[in-house]
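Nothing in this text is a laboratory measurement; each read-out follows from the coordinates by a stated rule. From a predicted model like this one, the values you see are computed outputs, not experimental measurements. Counting neighbours? That spans all protein chains shown, and the Cβs are built from the backbone with ideal geometry, glycine included.
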Amino acid sequence: MGLSAGAGKLPVVPGAAHEKDGSPSFLTTRLDVVVNWARHNSLWPMPFGTACCAIEMMAASASNYDLARFGMERMSFSPRQADLLICAGRVTYKMAPVLRRIWDQMPQPKWAISMGACASSGGVFDVYSMVQGIDTIIPVDVYVPGCPPRPEGLIYGILMLHEKIKGESITRSDLRYELPDPYVPALPDEKVEQITVPFGNSTSQNKVSGLVQVTALKRPGDRRS
Amino acid sequence: MSDKLKDALAGLAAGPESSDAAAASERGPAADPNLHPSVAALRERFGSAILHHEVVAGDEHVVYIPADRVIEILGWLKAAPEQDYDFLKDVTAVDYGGGRPLQVVYQLWSIRRRHGLRVKVELPLQALEIDSVTGLWASANWLEREVYDLFGIVFRNHPDLRRIMMPDTYAEGHPLRKDFPLRGRFSRLEQTRRALAVNLERDYTPEELQVGGTPVQIGTTGASGEPRP
């Protein structure tokens, strides 16, 4: 994309590269593209591993699968220096305020991946002590299904998040918000109420939460060139 | 579906209410007390206070004793030189449902003599109270807290009887009781609200909240600084 304004004579800077053929040596682009390019290529994950999914997450960051390819080689065990919360494993109600606190401690911009069936919907643990999907506690960007997902699954989810980040705009203030304190559920009351029924998590939560829009899903292979 | 499974499901459906059919004891046939030296000695010393003796899982000797003599009998098992049960492996409880009494289980082990014994106490649902054995074995402290938390059995004279697994503010009851609904008593909304209302600074000490704090090594030296034997 070249600069063609001032169609007449281009200013000639002595010593510049364009001096010889007259073509401009700079290009313009949208600030969003630059910002999103920087953000999605250097996501620093905060691993919140509570169960077997965390083993697969470790495998994904080890040499065979090598998350460092995506600028994620630095697992940030401090939420203060993290961009991406990967909740890998089942979360009990006793851990719910801890998860929310860690989310609050992460600086903006931040994203969350819910890895595996338990984090996404409670999984088989439809019992008194288990959070039925962490989207009742924190806002989730990508759900990775599986029990546990293979490292390829997690990487696929991360690539989906890349696509999501590429579509963001820094002018949209609704993308960046902090949750209220004192803590209340992250979903509207009636939506949390609907998962009270047996296995309401698995059968209806994703539909009622409104967080999943099939049309919004995009395969990394469908990327615009 | 086998008859046994049908009976078990019927028992679950019957809930905590008492019934004559359900009142049948879970005890097995009486075993020969001479198979285990401690059981023979218990029979000789305490007589009818040894309510029942059975062998389960091949060689696991189980002795039933009355609730009001727990300290006396377990104390003797610990102190008597030929018994010497110096290690309390586990304290737990069993609820068979159907209004049957809850069983408190003490799993004893003698490190020096290498023999073990399981002692059970039956508590009716109306009187879930028993003396704490923390005075005999310090390891009973957290184990009895766990039984209290999950079964609601109160241990008298326990130094620190509060919940250990569920949050301190948990108001739905005791989850491992058979009359406890699988998904809890509150709706998911109420459970989520209550979980998020927990004040972390109040419920956890600064040491617990500090990530990667300095590990503290305890119990390796005596008061004089000499290593313990």
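Report the charge-dipole magnitude of the range A:30-209 in Debye, nearest 20, computed about the Cα centre from +1 at each Lys and Arg Cβ and -1 at each Asp and Glu Cβ. Numbers along the way, then the final one.
Values: 17 positive and 18 negative charges, 61 e Å.
Here the range A:30-209 has a charge dipole of around 300 debye.
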Worksheet item: Any idea what log10 I(q)/I(0) is at q = 0.15, 0.23 Å⁻¹ for the range A:73-150, Debye with uniform C-alpha scatterers and no solvent?
Response: -0.48, -1.06
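Could you work out the relative contact order of the range B:8-165, using alpha carbon pairs under 8 angstrom and six or more residues apart, expressed as a whole percent?
19 percent
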Practice prompt. Quick one: Debye curve from the alpha-carbon atoms of the range A:118-176 only, equal weights, vacuum; give me log10 I(q)/I(0) at q = 0.17 Å⁻¹ to two decimals.
Written response: -0.70
Fill in: B:Ala40-B:Ser139 pseudo-label distance in nm [points 7 Å out on the Cα-to-Cβ vector]
2.7 nm
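For each pair in B:Lys78/B:Lys120; A:Lys191/B:Lys178; B:Lys78/B:Lys178; B:Lys120/B:Lys178, compute the distance between the two Cα atoms and list the pairs where it is over 24 Å.
On the way: B:Lys78/B:Lys120 16 Å; A:Lys191/B:Lys178 30 Å; B:Lys78/B:Lys178 33 Å; B:Lys120/B:Lys178 19 Å.
Result: A:Lys191/B:Lys178; B:Lys78/B:Lys178 exceed 24 Å.
For the range A:30-209, divide the Cα radius of gyration by the Kirkwood radius and give the resulting Rg/Rh value with two decimals.
On the Cα set of the range A:30-209, Rg over Rh gives 0.96.
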Worksheet, complete the sentence: Plugging the Cβ-Cβ distance of B:Ala30 and A:Val127 into 1/(1 + (r/R0)^6) at R0 = 56 Å yields, to the nearest 0.05, a FRET efficiency of 0.90
Worksheet item: Looking only at Cα atoms, what is the convex hull volume of the range B:8-165 per residue, in Å³?
Response: 125 Å³
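Arrange B:Arg162, B:Arg183, B:Arg177, A:Arg150 by Cβ neighbour counts within 10 Å, fewest through most, would you? Spell out each step's value before the answer.
On the way: B:Arg162 9, B:Arg183 21, B:Arg177 18, A:Arg150 14.
With the sparsest Cβ surroundings first, the list reads B:Arg162, A:Arg150, B:Arg177, B:Arg183.
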Discussion item. For q values of 0.11, 0.16, 0.17 Å⁻¹, compute log₁₀ I(q)/I(0) with the Debye formula on a Cα-only model of the range B:128-203, without solvent.
Written reply: -0.34, -0.66, -0.72
Practice prompt. Mind listing the long-range amide H neighbours of A:Ser129? Cut-off is under 5 Å, sequence gap 5 or more, other chains count too, H placed in the peptide plane at 1.01 Å from N.
Written response: none
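Taking the Cβ of A:Pro180 as the center, what net charge do the other residues with Cβ under 14 Å away carry, scoring Lys and Arg +1 and Asp and Glu -1?
On the way: positive: A:Arg100, A:Arg101, B:Arg193; negative: A:Asp104, A:Glu178, A:Asp181, A:Asp189.
Net local charge, A:Pro180 excluded: -1.
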Item to complete: Please work out the Cα center distance from the range A:72-123 to the range B:129-189, rounded to the nearest Å.
Response: 30 Å
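Take every residue in peptide A:177-183, count the Cβ atoms of other chains within 10 Å of its Cβ, and give the average of those counts.
Partner Cβ neighbours, averaged per residue: 2.
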